[in-house]
Amino acid sequence: MPENEVRYGLIVEDHADTRAWLTRVLGSAFPGIALVEMATKREAQAWVAAQVPKLSRGELRHIALVDIGLPDGSGIEIVRELAKHPETVTPIVTTIYDDDQHLFEAIAAGAQGYLLKDQHPDTLVQYLHRIDGGEPPLSPSIARRMLEHFAQARPAVAGPDPDHEKLTPREEEVLRLLGRGLRVNETARVLGIAPHTVTGYVKSIYRKL
């Protein structure tokens, strides 16, 4: 990160205790980060709108933790706004919802991570570091659910060119290995490819979702 670049951690969470806990987690993951806290969708959207000029010029770098169930609407809308600035913002959903609908909706909106609040703080810190390093953290359970999602969708695919909705054989291999609990580096060793290539496959899968 350039020396003159300001880095912010945006936390959008309506429960004060949980917001304070996420603040500690984010501060532990990135010491010295400037933290901004919001409790509602309206507050967050107003703040993001005010930062757009700086975001567009690349003057700010953000990592955003966004809850889905806010009192005045869905945090997915905030993720969608933040995802318009992929070079400067890393939107991450932090939630209690462990179901396919919320997961896939968040990924489709541009979330770079989907973290459950019931995980240990040390685990969340590790995931945040991996996301910040450009590695989408794909838990074994989520990888398996992605495989199931594409397998169920396959019979319904129609038309002359449905490839954009299907996984390639290598993408399926990657998901299967990640679903067995292997990390990106371990998956790369098994397949005989570079770790950044595995990360590329995961990002491609995210896009297809």
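The values are calculated or read from the model by the stated rules, or taken from the named source; none is laboratory data. In this text the structure is predicted, and so the values were computed from the model without any measurement. Virtual Cβ from ideal backbone geometry, glycine too; neighbours counted across all protein chains shown. For the accessible areas, the whole protein counts, side chains as well, though only heavy atoms, and no ligand, DNA or RNA atoms are used. Shrake-Rupley method; radii C 1.70, N 1.55, O 1.52, S 1.80 Å.
Quick check on my filter: what residues within segment 135-174 are of a type outside the set (A, V, I, L, M), modelled with pLDDT under 85 and not in a helix (DSSP H, G or I)?
135, 136, 137, 139, 159, 160, 161, 162
Need pairs with beta-carbon distance below 8 Å; first residue farther than 19 Å from residue 127 by Cβ and within segment 178-192, second in a helix (DSSP H, G or I); sequence gap 6+ or separate chains.
190/177; 191/170; 191/173; 191/174; 191/177; 191/198
Kindly indicate which of 124, 177 is touching a Lys or Arg at 6+ places or on another chain (Cβ under 9 Å), assigned to a helix (DSSP H, G or I), surrounded by 15 or more Cβ atoms within 10 Å (Cβ to Cβ) and modelled with pLDDT of 85 or more.
Every option except 124 fails the conditions.
With the checklist (1) open to solvent by 60 Å² or more (accessible area, probe 1.4 Å); (2) part of a helix (DSSP H, G or I); (3) more than 30 Å from residue 150 (Cβ to Cβ) in hand, flag the one item residue 27 doesn't pass.
Just one mismatch for residue 27, condition (1).
Does segment 57-72 contain any residue that is of a type outside the set (Lys, Arg), in a helix (DSSP H, G or I) and open to solvent by less than 70 Å² (accessible area, probe 1.4 Å)?
no
Considering only segment 4-20, I want to know if a residue exists there that is within 25 Å of residue 136 (Cβ to Cβ), without any contact (Cβ under 8 Å) to a residue 40 or more places away in the chain, among the hydrophobic types (A, V, I, L, M, F, W, C) and open to solvent by less than 20 Å² (accessible area, probe 1.4 Å).
No.
Pick from segment 190-199 the residues that are surrounded by 15 or more Cβ atoms within 10 Å (Cβ to Cβ) and not polar (S, T, N, Q): which of them is modelled with the lowest pLDDT?
195
Which of (1) modelled with pLDDT under 95; (2) in contact with a Gly (Cβ under 9 Å, 6 or more places away or on another chain) does residue 40 not meet, given it meets every other one?
With respect to (1) modelled with pLDDT under 95; (2) in contact with a Gly (Cβ under 9 Å, 6 or more places away or on another chain), residue 40 is out only on (1).
More than 18 Å from the chain's Cα centre (by Cα) and not in a helix (DSSP H, G or I): is that true of residue 35 in this structure?
yes
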